[in-house]
Every structure is written in structure tokens, then in C-alpha cells.
Amino acid sequence: MKQIAIDGPAGAGKSTIAKFLSKELNLMYVDTGAMYRSIGLACINAGIDMENEAQVGEVCGKADIDIQYIDGVQHMFLEGKDVSTDIRREEVGKAASDTSRFTAVRERLVAIQQQLGERYDVVMDGRDIGTKVLPDAGLKIFLTASSACRADRRVKQLAEQGITADFEEVKRDIEQRDYNDSHRANSPLCQAEDAILVDTSDLNIEQVIAVIKDLYNKTVWK
Ligand code: DC
């Protein structure tokens with residue numbers, strides 16, 4: 001199967017690049033962050049303590065989560081309800097970051113992700129795709145950008161939605177999230193040895209796409 005793994009911190013542009021590659025190469029786009037967010041939402045709905053591994057494990061084990069592709073777009077369902085929009089909330093992102101460090105959560109979601117990778121040609125983005133989920137992916141990209149640059153992009157994105165956000169606060173949240181994601185014991189965010197590092201800090205979207213195009217044109221698929 002054709003597999004592309006894209007890892008990197010929040011706000012580096014992973015989903016933009018993954019969507020582009022999925023269209024260009026006709027691959028299924030698997031957004032693994034959305035799966036962790038769905039578990040985070042299940043934990044919020046259950047009103048449990050996100051620090052409590054046993055409680056998080058129980059909610060995760062019981063949660064009815066389903067992934068469906070509607071017109072080629074991934075939708076997440078929790079207890080039969082489409083939560084694709086709800087999981088984008090900041091609060092849910094924080095819950096995903098907190099609960100994704102527990103083994104029960106990772107084992108359940110990694111198994112689903114690996115099944116998708118076995119059945120379909122995929123471009124998958126997340127934190128541990130190149131290191132853990134798809135270690136044999138034909139192309140691995142580690143996409144990053146400075147925290148200031150990612151915060152700036154986020155503030156502009158929120159402004160487009162009519163939301164005013166404080167740059168320093170957004171930057172602090174991003175740095176805290178980076179720290180959590182890269183310092184947990186279970187599959188921390190890190191670059192796979194055979195991944196290609198792409199720093200998007202000083203690049204606009206067209207330039208990033210040009211770099212990525214060049215990378216996949218040079219890829220020899222096994
Ligand atoms: O990419 P995102 O912001 O939607 O991810 C939300 C959280 O999920 C992120 O803080 C860390 C976690 N995550 C993970 O641990 N492993 C992945 N493969 C994807 C996301």
C-alpha cells in the first residue's frame with residue numbers, strides 16, 4: 001500500500017499538506033488528531049478527571065467512536081453523533097493532549113489507524129505516525145515551524161472567524177501543548193530517523209507545497 005506519514009507539532013500546517021497530497025495522489029486522508037480529540041470529548045462529556053488514568057481508560061474503552069468518509073472527507077462520530085465540528089474547540093484539543101498520553105487510549109487508536117493503513121492508500125498526520133503507526137511508510141515528513149509563527153497563524157485564523165485572541169496567550173498554549181506532546185512517556189512527538197524535516201516558518205503555503213511536491217516526485221514507492 002502507498003503510505004505517507006506526516007508528523008509535527010500543532011499548527012505547523014500538517015492538515016493543509018495532508019489534504020493537498022490526498023487530492024493530488026488520490027490517497028485517503030486520515031486525521032489521527034481528530035480521533036484523539038473524539039476521546040478527549042468523550043472524557044469531557046463523562047465529566048471525569050483527565051489526570052486519572054483508570055477513569056480515562058474506562059471511558060476510552062466504552063466510547064462508541066466511528067470514522068466515516070463522506071464525500072471523501074473524514075467525519076468523526078461519537079455515540080452516533082457527528083462531532084467533527086465540536087472536536088475543533090480549544091477545550092477539546094487540551095483534553096486530547098491530556099488523555100492521549102495514556103496507554104489504553106493510544107493502543108485503541110493506533111490499532112484503528114494501522115488497520116486503515118493496511119486496507120487503503122493513505123496520507124496520515126499526527127505525532128507518532130512515522131515512528132509508531134506506519135514505520136514502513138514510503139514517505140515520511142516532519143513538518144515544523146517556530147512557536148511564534150504558529151501562534152501568529154492561529155491568531156489570524158481566529159480573526160477570520162471573528163474571534164480576537166491574544167498573541168502571547170496563544171503562543172504560551174502552543175508551547176505548553178508542544179511540551180506535553182513531546183515529553184510524555186508513550187509515543188512522544190519526535191522526528192523518525194528516516195523522516196524529512198520541513199520547517200515552514202519562513203515559507204508561504206505555495207512554497208511549502210512546492211517543497212512537498214518535489215519530495216513525493218522523488219519518492220521511490222516499494
Ligand atoms: O493534531 P491535533 O491538534 O488535532 O491533535 C490533538 C492532540 O492529540 C494533540 O495535542 C496530541 C494528540 N495526538 C497524539 O497524541 N497522537 C497523534 N497521532 C495525533 C494527535
If we ask which residues in region 158-175 are more than 19 Å from R88 (Cβ to Cβ) and crowded, with 18+ Cβ neighbours inside 10 Å, their number turns out to be 1
Can we say Q157 is within 16 Å of the ligand (Cβ to nearest atom), of a type outside the set (V, I, T), without any contact (Cβ under 8 Å) to a residue 24 or more places away in the chain and under 30 Å from K62 (Cβ atoms)?
-> no
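Sort through K171, K213 and tell me the only one that's more than 16 Å from the ligand (Cβ to nearest atom) and basic (K, R).
That would be K213, the only listed residue that is more than 16 Å from the ligand (Cβ to nearest atom) and basic (K, R).
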Of all the residues that make up region 94-123, how many are open to solvent by less than 40 Å² (accessible area, probe 1.4 Å) and either part of a loop (DSSP other than H, G, I, E, B) or over 26 Å from M50 (Cα atoms) (or both)?
-> 6
Can you run down the residue pairs with Cβ atoms below 9 Å, 6 or more apart or on separate chains, where the first is in region 176-201 and open to solvent by 50 Å² or more (accessible area, probe 1.4 Å) and the partner is among the aromatic types (F, W, Y) and within 14 Å of the ligand (Cβ to nearest atom)?
-> C190/F142; Q191/F142; I196/F142; L197/F142
Hey, could you check region 1-57 for residues that are within 11 Å of the ligand (Cβ to nearest atom) and among the acidic types (D, E) and say which is least open to solvent (accessible area, probe 1.4 Å)?
-> D7
Would you check which residues across region 58-89 are open to solvent by less than 40 Å² (accessible area, probe 1.4 Å) and part of a loop (DSSP other than H, G, I, E, B) and list them?
-> A63, V83, S84
Go through K19, K23 for me and flag whichever is outside any loop (DSSP other than H, G, I, E, B), charged (D, E, K, R) and closer than 23 Å to D152 by Cβ.
-> K19
Going through (1) more than 11 Å from the ligand (Cβ to nearest atom); (2) within 18 Å of I67 (Cα to Cα); (3) in contact with a Cys (Cβ under 7 Å, 6 or more places away or on another chain) one by one, A104 fails only at (2)
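The values are calculated or read from the model by the stated rules, or taken from the named source; none is laboratory data. Here the structure is a predicted model, which is why all the values come from computation and not from measurement. Don't worry about glycine lacking a Cβ; one is built from the backbone with ideal geometry, like all the others, and counts go over all protein chains shown. Protein only, heavy atoms only, side chains kept; ligands, DNA and RNA dropped before computing areas. Shrake-Rupley method; radii C 1.70, N 1.55, O 1.52, S 1.80 Å.
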